[in-house]
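Asker: The structure follows.
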Amino acid sequence: MKTILVTGGAGFIGSNFAEIALQKNYKVIVLDSFTYAGHEASLEFAKGSPDFTLVKGDICDGALVLDLLQKHKVDGVINFAAESHVDNSINSPGVFIKTNVDGVYTMLEASRRYFNELPENKKQAFRFVQVSTDEVYGSLELDDGLKFSEETQYKPSSPYSASKAAGDHLAHAWFKTYGLPTIVTNCSNNYGPRQFPEKLIPRMILCALNGEKLPVYGDGKNVRDWIHVHDHSNGVLLAFERGNPGETYCFGGNAEVANINLVNQLCSTLDALNPLPDGSSYNKNITFVTDRAGHDRRYAIDDSKASKQLGFRRAYDFTSGLRATVTWYLENQAWCEEVR
Ligand SMILES: NC(=O)c1ccc[n+]([C@@H]2O[C@H](COP(=O)([O-])OP(=O)(O)OC[C@H]3O[C@@H](n4cnc5c(N)ncnc54)[C@H](O)[C@@H]3O)[C@@H](O)[C@H]2O)c1
């Protein structure tokens, strides 16, 4: 049985990943500092599990990280911990530099010290996976037909994506310079259960259910590629199990959707699953608001490398995944109340 340290495991993707890893018979140690985005309510699945340990702490605390690695004889690190919301990074970039740059540096240094003392057989299997975003690649044009891949040059636009880019570079440098077996994954927009309601899909669902305006940035034509969080989590696990040290793997959902189309699709899904008493559509509350500063126009991912080299396959298409997600939010109002 392998033991993995999952940082940020009380957040959206980290908690979904931890749940899948437990199901696949890993021992999971979650390290999370419980910012506004981390919640014990997202870890209900692990209650009573002898294979699960929760530690409240900061990834910037190198002594704590090293102690956890040594105490639990960890076989690998999956670093999800981050400040993750672009709008927050525009208003308060400092904490993004702290966690997404300094935090990654601290995790890498603690892992390097631990790794150097491992016996040879443990060294062979050890991996440090830095979970990152396609936003490091900047923006595509609406009509250029291009997609991001592992070869795309980094060109981040926001303080969030710039801080993630810095973390990715550090992870690669720790492989090249020190031989720490790091892997970087870059993924498109995730959706699914337990996403904090600041992000587009849960925010729109909850605004719609509360009869509030549904604010869409700019002209609504910005395009994102959407992947279900279970597909992304399985991809990260594959990268950990089969990926080559020093490599990058991109994951996407093969589901490019303009924001306005997404919000309309959400409204029609809600119309079907939770009809309004007067028979009108939730889309009557859609309203366009001033665009986000530096708003990237389009993201799209070519994940054929992960498909060929890791055997990555998606289980969800966007329409069924979105319906399952809306259903989850309708059935888990208590979670929404608690995290807000
Ligand atoms: N959400 C997406 O669409 C998406 C897409 C691609 C990549 N990613 C990346 O995946 C990772 C997870 O994203 P998410 O959407 O689950 O984020 P999230 O904001 O939901 O969760 C982040 C978690 O990290 C914890 N955390 C923050 N700072 C910490 C610190 N200093 N020490 C310990 N824990 C800390 C928070 O408490 C929270 O539990 C991030 O690195 C993000 O960049 C996200």
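The values are calculated or read from the model by the stated rules, or taken from the named source; none is laboratory data. No experiment lies behind these values; they were computed from the predicted model shown. Glycine also receives a Cβ, built like all others from the backbone with ideal geometry; neighbour counts cover every protein chain displayed.
Asker: Need pairs with beta-carbon distance below 7 Å; first residue within 23 Å of Leu200 (Cβ to Cβ) and within the stretch 166-190, second away from the ligand (no atom under 12 Å from the Cβ) and assigned to a helix (DSSP H, G or I); sequence gap 6+ or separate chains.
Answerer: Sorted first by the residue in the stretch 166-190, then by its partner, the pairs are Thr185/Ala239.
Asker: Something else about it: Which of the residues belonging to the stretch 167-198 are touching a helix residue (DSSP H, G or I) at 6+ places or on another chain (Cβ under 8 Å) and charged (D, E, K, R)?
Answerer: Asp168, Arg194, Glu198
Asker: Now for a separate question. Consider the stretch 6-48. How many of its residues are in contact (Cβ under 8 Å) with a residue 24 or more places away in the chain, more than 11 Å from the ligand (Cβ to nearest atom) and farther than 24 Å from Asn189 by Cβ?
Answerer: Number satisfying all stated conditions: 8.
Asker: Scan the stretch 1-42 residue by residue and report those that are closer than 13 Å to Pro193 by Cβ and more than 16 Å from the chain's Cα centre (by Cα).
Answerer: Ala41
Asker: Continuing with this model, one more query. Quick test for you: out of Val55, Val74, pick the one residue that is out of contact with any Gly (no Cβ under 7 Å at 6 or more places or on another chain) and free of Cβ contacts under 8 Å to residues at least 40 places away in the same chain.
Answerer: After ruling out the rest, the residue left standing is Val55.
Asker: Going through the stretch 184-200 one residue at a time, which ones are in contact with a strand residue (DSSP E or B) (Cβ under 6 Å, 6 or more places away or on another chain), among the hydrophobic types (A, V, I, L, M, F, W, C) and more than 7 Å from the ligand (Cβ to nearest atom)?
Answerer: Residue satisfying the conditions is Val184 alone.
Asker: Filter the stretch 49-62 down to the residues that are assigned to a loop (DSSP other than H, G, I, E, B) and more than 10 Å from the ligand (Cβ to nearest atom) and list them by number.
Answerer: Scanning the stretch 49-62 gives Ser49, Pro50, Asp51.
Asker: Tell me which residues, restricted to the stretch 143-156, are assigned to a loop (DSSP other than H, G, I, E, B) and modelled with pLDDT of 95 or more.
Answerer: Leu146, Lys147, Ser149, Glu150, Glu151, Thr152, Gln153, Tyr154, Lys155, Pro156
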